[in-house]
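K.L.:
Just dropping this structure here.
The values are calculated or read from the model by the stated rules, or taken from the named source; none is laboratory data. Here the structure is a predicted model, which is why all the values come from computation and not from measurement. With ideal geometry, Cβ positions are generated from the backbone for all residues, glycine too; neighbour counts draw on all protein chains shown.
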Amino acid sequence: MKIIDPLMFIIALSNKKDLAEQLQYLKAENEILRARLPKHIKTTRKERSILLKYGKPLGTAIKSLISIVTPQTFSRWIREEDKYTSYQPSRRRRTPEQIRTLVLRIARETGWGYTRILGELRKLGIRKICRSTIVNILHAHYINPSPKRAGSKWKEYIKRHAESLYACDFFTKKVWTPLGLKKIHILALINIGSRKVKILGTTSTPTKYWMAQKAEELVKYFEKESISVEGLLHDRDPRLLSAFDNVLKHNEIPVIPVTAYSPNLNAYIERWIKSIKEECLNHYIVFGERHLKYLIDEYVSYYNTLRPHQGVGNKVLSLQISALEPDENNLKNVIRESRLGGLLKHYCHAA
C-alpha cells in the first residue's frame with residue numbers, strides 16, 4: 001500500500017519554476033491521451049464534483065487548463081451547483097397522519113370533491129389544513145377529483161339493493177345419450193346479496209310453455225319464502241324476454257334486462273356459471289340428463305353450504321357441518337371431506 005503518492009512527493013519538494021515545468025509536461029501528456037479518446041466523454045455526477053472542487057479555486061485560469069469539456073460547460077456546472085446548494089427546502093410541518101387518513105377515508109367513502117371534504121373537516125373542528133393540502137393528499141394516493149372518482153350508478157344501485165336483487169341466466173352442457181350428443185339448457189338463479197344459488201330447471205328444449213312454467217314456480221318460491229324482490233336481472237336472451245318475463249311482470253316482480261353484449265352488468269350469475277364449469281362440469285363426461293342433474297345438485301349443495309366465498313368475506317353461506325366450536329389450539333381433529341369422487345373438497349372439525 002502506498003503511503004504517499006510519488007507525484008505528491010515530487011510536488012511538495014518543487015519550487016515555483018519546477019511546478020510550472022511539471023504542469024507544462026502534464027498538459028502535454030494530457031493532450032496526447034485526449035487525442036486517442038473519443039471527442040465527447042460523459043462524466044458522472046461524482047466526477048463533476050471532483051473537477052469542480054479543484055477547478056473552481058483556479059478562477060479564470062481553468063480556461064487554459066481544462067480539456068475534458070469546454071470552459072463554457074464548466075461554467076454551466078458551476079451555475080447549476082450554486083443553484084442547487086442555494087435551494088432551501090420548505091420546513092413546513094407535515095400534516096398529521098390521523099388527518100391524512102381521515103381525508104382519504106372521506107374521499108373513498110363518499111366520492112366528494114376537495115372543497116366538500118374541507119367543509120366536513122371544518123365541521124369536525126379541524127382547522128390546520130387547507131384545500132391545496134387535501135388536493136396533494138389525494139393526488140399522492142392517485143385518487144381523482146370527484147366526477148372521476150364517484151362510483152358508477154349501476155355499481156351503486158347493485159350495492160344498495162343487493163339483498164333483494166336476483167339474477168338468472170342459461171348455460172349449457174352437452175351430454176351423451178343413446179342417440180348421441182345432446183345439448184342441455186340449465187336455468188340458474190342467484191341472490192346477489194347472499195350469493196345463494198338455485199337451479200330453476202334443466203331441459204333440452206326450452207319452449208315458451210316450459211319457460212312460463214319455470215316462471216310460475218319461481219313466483220311460488222318467492223311467495224313461500226316471503227322474499228321481497230326489487231329486481232330480477234337477466235340478459236336479452238329471447239327465451240327470457242317472452243313468456244318468462246310476462247309471468248313475472250304479471251305477478252308484479254320487476255324485470256331488468258341488461259344491455260346487450262354486456263356480461264359485466266350481470267356479473268354475479270356469469271361468475272357462478274364459470275365456477276360450476278371449471279370446478280365441476282368440465283371434469284366429467286356426462287351420460288344423460290339424470291347424471292347431469294346429479295352433478296349440478298351436488299355442486300349447488302356444496303356451493304351453498306360448504307364453500308367459503310371471497311365476495312362475502314370468505315364466509316360459508318349456510319354452514320351445515322359439525323356444530324363444534326372451532327379451537328385454534330387443537331387442530332388435530334381437522335378432517336377432509338369430499339364429494340363427487342374427491343373433486344370437491346372441504347375441511348372441518350370431526351364430530
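K.L.:
Scan the range 285-308 for residues that are surrounded by 15 or more Cβ atoms within 10 Å (Cβ to Cβ), in contact (Cβ under 8 Å) with a residue 40 or more places away in the chain and in a loop (DSSP other than H, G, I, E, B) and report the count.
P.N.:
The total comes to 2.
K.L.:
May I pose another question? Tell me the residue from 174, 214, 224 that is out of contact with any Ser or Thr (no Cβ under 6 Å at 6 or more places or on another chain) and closer than 27 Å to residue 316 by Cβ, please.
P.N.:
224
K.L.:
Same structure again: Taking the condition of a type in the set (D, E, K, R) and more than 38 Å from the chain's Cα centre (by Cα), does residue 249 pass?
P.N.:
yes
K.L.:
Still on this structure, I have one more. Residue 146 is checked against (1) modelled with pLDDT of 85 or more; (2) in contact with a helix residue (DSSP H, G or I) (Cβ under 8 Å, 6 or more places away or on another chain); (3) among the polar types (S, T, N, Q); (4) surrounded by 14 or more Cβ atoms within 10 Å (Cβ to Cβ) and fails just one. What number does that condition carry?
P.N.:
Failing condition for residue 146: (1).
K.L.:
For the subset of the range 40-58 comprising residues that are under 12 Å from residue 77 (Cα atoms) and among the hydrophobic types (A, V, I, L, M, F, W, C), which member is surrounded by the fewest Cβ atoms within 10 Å (Cβ to Cβ)?
P.N.:
50
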